[in-house]
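J.: What follows is a single structure, and I will ask about it in a moment.
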Amino acid sequence: DRAVSLGSFSEAQAVVDPELLKAVFEDLASEVNAGKSHGQDGKFAQSMHWQIVDSTLWEALPRMQWAQWRRQGSTQNAVRLHVGLHLLNDHPVTAEVTEGKICERKAWRKKWEPGAGYIGDRNFGEDYKIFQELDDLGCSFVLRLRECAALEIEQELTVEAADARAGVIRSAWAYLGCKKKYRSQRVRLVWVDTGKETLILVTNQKETELSAELVAELYRRRWQVELFFRWIKCILGNRHWLAESPQGVSLQIYLALIGALLLQLHGNVRPSKRMMERLQLYLMGMATLEELSAGIEREMTRIEKRAKTKKR
């Protein structure tokens, strides 16, 4: 029950196939999803299929040439983790480790599931042609557009009082693209005032299927994936490379994701910094199992109280 040495981990690069760990991750993700309750948030009781898609970068060492990303002054190397995060259960359901230069949309396209729903930032909304492809698969989407997007408004829609309270200032059916070959299908646009900027969101959902208020709320939930990336890097401590090969890097990241899912599966919540500290004390022999259980229970109670306070 002791920690794996760096030498043993280094040797594992040559004998362990990252695809096996990827399969373990996917099985665990399915298990966590099956064991979670989806009905905790009444607003999204019918939105069990929504995923937040995004990616994060880890800076690679200069000698990791396989991870070359771009040239901006000196050459930059980076490793990218592409993730699909379950909206309600707040855990990753898809993951792909690539070089930093791999396009987010390219990796996302490989993970499309018929009938799924996707929430993404501006990078995912740049290619207007994929809207029809997603529609053909029966997929829903709420994506952000760039401010310079070419719009042709077809029909203005009424902004209801509930929509206005959510920051919605305008809604319309429109076409995107200034040239025919780039032109999108007919899509619905929702403008949301955040107080700092105005977001332009695009969806293929009708007003009767998804109100403008919920379109705005779905995109606000996109920040969950940013919090997950921060958690896996800072709280889980996955910030330094234990290996430099593509296989070793993939092993490290998939092991971190598997650990995250195991913690969430058995603790029913993503551990906070304090909970992780208590787990580390137990593993180092500085706390008993009873002390660990009592500490985690106190932290869970604190988290639940804070969640109830936010809902009021």
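J.: Test of the criteria: in the range 123-191, which GluC sites (Glu not before Pro) are in a DSSP loop and have at most 11 other Cβ atoms within 10 angstrom of their Cβ?
T.: Qualifying residues, ordered by number: 147.
J.: With a Förster radius of 45 Å, plug the Cβ-Cβ distance of residue 239 and residue 193 into 1/(1 + (r/R0)^6) and report the FRET value to the nearest 0.05. If you can, show how the numbers build up before the last one.
T.: On the way: r = 36 Å, r/R0 = 0.80.
Computed FRET efficiency for residue 239 and residue 193: 0.80.
J.: Moving on to the next point. What does the extension gain come out to for residue 24 and residue 181, with contour length at 0.36 nm per residue minus their alpha carbon separation?
T.: Taking residue 24 through residue 181 to full extension adds about 52.3 nm, to one decimal.
J.: Right, here's the next one. List, in the order given, every pair from 111/196; 106/196; 129/206; 111/179; 22/305; 106/129 whose Cα-Cα distance in the structure shown is over 24 Å.
T.: Numbers: 111/196 33 Å; 106/196 31 Å; 129/206 19 Å; 111/179 29 Å; 22/305 36 Å; 106/129 13 Å.
Table pairs above 24 Å Cα-Cα are 111/196; 106/196; 111/179; 22/305.
J.: Does the range 63-166 come out rounded, prolate or oblate by the C-alpha gyration tensor, with a ≥ b ≥ c the root eigenvalues, rounded set by a/c under 1.5 and, if not, prolate when a/b is larger than b/c and oblate if not?
T.: On the way: a/c = 2.16, a/b = 1.67, b/c = 1.29.
The shape class here is prolate.
J.: I've got another one for you. With each pseudo-label sitting 7 Å past Cα toward Cβ, what's the residue 17-residue 276 distance in nm, one decimal?
T.: With each label placed 7 Å out from Cα toward Cβ, I get 3.2 nm.
Readers should treat all values here as calculations from the given coordinates under stated rules, not as data from a laboratory. This structure is a prediction, so every number in the text was calculated from the model and none was measured. Quick reminder, even Gly has a Cβ in these numbers, built from the backbone with ideal geometry, and neighbours come from all protein chains shown.
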